[in-house]
Amino acid sequence: MLTSEVENFPGYPAGRSGPDMMSDLTTQAKRFGAEFWQTDCTDIDTSCRPFRVFTENCTVVAKSVIVATGAESTWLNAIDEEKYKGSSLST
């Protein structure tokens, strides 16, 4: 979501911004019935099917699960780094 330009993803020959690409992928997945939950997971049981995903509020039973742990960029704290983030400087 924080990537200014994704240039190496199949199907986007001219590149695409990170937020726009995530919107495209979400729209496509929803068209096929995917449900999106943005919540903290406390545990996942993959020892048998269907899988069980535990949150603070409930247990979800699912045939498949996508675990998206995210990513965090590591910055160097170089001179003018803040000035160029999101334009000519990327991680």
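The values are calculated or read from the model by the stated rules, or taken from the named source; none is laboratory data. These figures come from a predicted structure and were not determined experimentally. Please note: Cβ atoms are built from the backbone with ideal geometry, for glycine as well, and neighbour counts cover all protein chains shown. Just the protein is used for accessible areas: all its heavy atoms, side chains included, with ligands, DNA and RNA removed. Shrake-Rupley method; radii C 1.70, N 1.55, O 1.52, S 1.80 Å.
In the condition set (1) among the acidic types (Asp, Glu); (2) more than 30 Å from Ser87 (Cβ to Cβ); (3) open to solvent by 70 Å² or more (accessible area, probe 1.4 Å), Asp45 is compliant with all but (3). Testing Pro19 on (1) modelled with pLDDT of 85 or more; (2) open to solvent by 80 Å² or more (accessible area, probe 1.4 Å), one condition comes back false. Which one is that? In the conditions (1) modelled with pLDDT of 85 or more; (2) open to solvent by 80 Å² or more (accessible area, probe 1.4 Å), Pro19 misses (2) alone.
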